[in-house]
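Here is the structure we will look at.
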Amino acid sequence: MLQKKYKASFIILVAMLIVSTTGIVGFANNDSAPKEPVATFSLAEAIQIANNESLILNKLVFDIELAKSKLDDAEKLEDMEIEDIVMFVIGSQTSTPSAVSEAKIQKTVGLKLAKDGVYLAEKNYEFNKLKTKKETEDAYFTFLEAQEGLVIAQENVKRAQRALEYTNVQFEQGLVAKSAVLDSEVLVEQAKMGLIGAETQLKLAKKTLNDKLGRKLNEELKVEQVSLDGLPNSLNVEELEEKALLNRPDYLATVKTAESEKMKYDIYKNIYVSEQNSKVKEQNYTYLKAELDKQAKEREIRLQVNQAVEGYLTSKAKLSMLEKSVEKAKESLRLAELRYQNGMGTNLEVQSARVGLYQAELDLSKGKYDILRAKSALENAIGTTLE
């Protein structure tokens, strides 16, 4: 009786453990738990996030703050006497002629140079912000192209498999040789290899875009399509060159630097009197070098604008040709399949037409995003949007 009682208790205990364990497992494997939605980004949102996440831009913010701090110090010099600047700023206990001259320079140009320092720090930030924008756009367009490339590769595999199925039917009916089947099988494998390549390209594009957005590299994301509508068909190069010289932060920085060095040169001439003074001569060389830097930057920018315009117009002109190529490739495949089905063509002709369509579709996809990349490069060259 006692053994039966213990046996019953043991059975109850085991049953409780089973219920408890399955309950836990059931809870852990609850597929009905809501999943977090995949984040979707527009191009504008992606650029804004990339700006916020950019380590370079965040570091440059400190450079701006440091320049502003130096400006605060320079503003204090305006209310100081020359003797006080000599002692407390330059650190000389006696007002020697050289110390007095240095104090006069700091009092005269210190505030202007400090203001210029803030300006240059801000322009450096704006220049790197333009770079971040272009890099983000390139990553965004590459991701879109990779998505489209995957769809094209998947359809290419389906076409190859359908061709293989039809060839097998033809072989069973004694209408084609075994070699035709083998050729079709090889082309299916090649199509699958193309699909693997497309999947890899998409994975890499996703990692690159996620990196720009400060996200985990393998985190899933979606992006909105970018329309090609409304893009200009013609451009005025001269106007765009002038627009670039008004907006490019790196050019404006060289202009400001040349102005600052010219101001210092004029002040040095007044303080040191003789133009043969070594400091005056040195400052004159510094000013002339800054002028040459400005001229070189202007030439560089004009060339960049011209190259970007040519790249954009070429990409725009190619698109209609690429669209026609796809239409022709589709028709070529249709006719090849029709001839093959009626015993007038060969399997090789069908497979060749299929590969031709696949390549034409990839070229068209690339062509569409080449236009967007070219527009991005042009806007980077002029330092602002085309609109």
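Being surrounded by 15 or more Cβ atoms within 10 Å (Cβ to Cβ), modelled with pLDDT under 95, of a type in the set (A, V, I, L, M) and more than 28 Å from the chain's Cα centre (by Cα) is true of Val355. Could you tell me which of the residues Gly230, Gly194, Gly214 is assigned to a loop (DSSP other than H, G, I, E, B) and modelled with pLDDT of 95 or more? None of the other options fit; the residue is Gly214.
The combined condition, being of a type in the set (D, E, K, R) and assigned to a loop (DSSP other than H, G, I, E, B), is not fulfilled by Asp266. Taken together, Glu310, Glu300, Glu361, Glu337 contain a single residue that is surrounded by fewer than 20 Cβ atoms within 10 Å (Cβ to Cβ) and under 30 Å from Arg162 (Cβ atoms), which is Glu337. Looking across segment 34-67 at every residue that is surrounded by fewer than 16 Cβ atoms within 10 Å (Cβ to Cβ) and β-branched (Val, Ile, Thr), the one that is modelled with the lowest pLDDT is identified as Val38.
Scanning segment 187-234 for residues that are in contact with a strand residue (DSSP E or B) (Cβ under 8 Å, 6 or more places away or on another chain) and within 24 Å of Asp370 (Cβ to Cβ) returns Lys206, Leu209, Asn210, Leu213, Leu221, Lys222, Val223, Glu224.
Would you confirm whether or not segment 270-288 contains a residue that is closer than 30 Å to Asp370 by Cα and not aliphatic (A, V, I, L, M)?
No, segment 270-288 contains no residue that is closer than 30 Å to Asp370 by Cα and not aliphatic (A, V, I, L, M).
Taking each residue of segment 218-240 that is more than 18 Å from Gly311 (Cβ to Cβ) and looking for partners that are in a helix (DSSP H, G or I) and polar (S, T, N, Q) with beta-carbon atoms closer than 9 Å, six or more apart or interchain, yields Asn218/Asn210; Glu219/Asn210; Leu221/Asn210; Val223/Gln147. Residues that are in contact with a Leu (Cβ under 6 Å, 6 or more places away or on another chain) and either of a type in the set (Ser, Thr, Tyr) or without any contact (Cβ under 8 Å) to a residue 24 or more places away in the chain (or both) do occur in segment 308-320. Taking segment 241-286, which residues are surrounded by fewer than 19 Cβ atoms within 10 Å (Cβ to Cβ) and among the small types (Gly, Ala, Ser)? Residues satisfying the conditions are Ser274, Ser278.
Scanning segment 104-129 for residues that are modelled with pLDDT of 95 or more and charged (D, E, K, R) yields Glu122, Lys123, Glu126, Lys129. Residues in segment 305-348 that are hydroxyl-bearing (Ser, Thr, Tyr) and not in a helix (DSSP H, G or I): Thr346 only. Of all residues in segment 238-282, those that are under 25 Å from the mean Cα position of the chain (by Cα) and over 13 Å from Asp293 (Cα atoms) total 9. Among the residues of segment 267-293, the ones that are out of contact with any Phe, Trp or Tyr (no Cβ under 8 Å at 6 or more places or on another chain) and closer than 24 Å to Ala121 by Cβ come to 6 in all. Among the residues making up segment 241-283, those that are in contact (Cβ under 8 Å) with a residue 40 or more places away in the chain and more than 30 Å from Thr132 (Cα to Cα) are Met263, Lys264, Ile267, Tyr268, Ile271, Tyr272.
The values are calculated or read from the model by the stated rules, or taken from the named source; none is laboratory data. It should be emphasised that the depicted structure is a prediction, and the values quoted were computed from it without experimental measurement. Please note: Cβ atoms are built from the backbone with ideal geometry, for glycine as well, and neighbour counts cover all protein chains shown.
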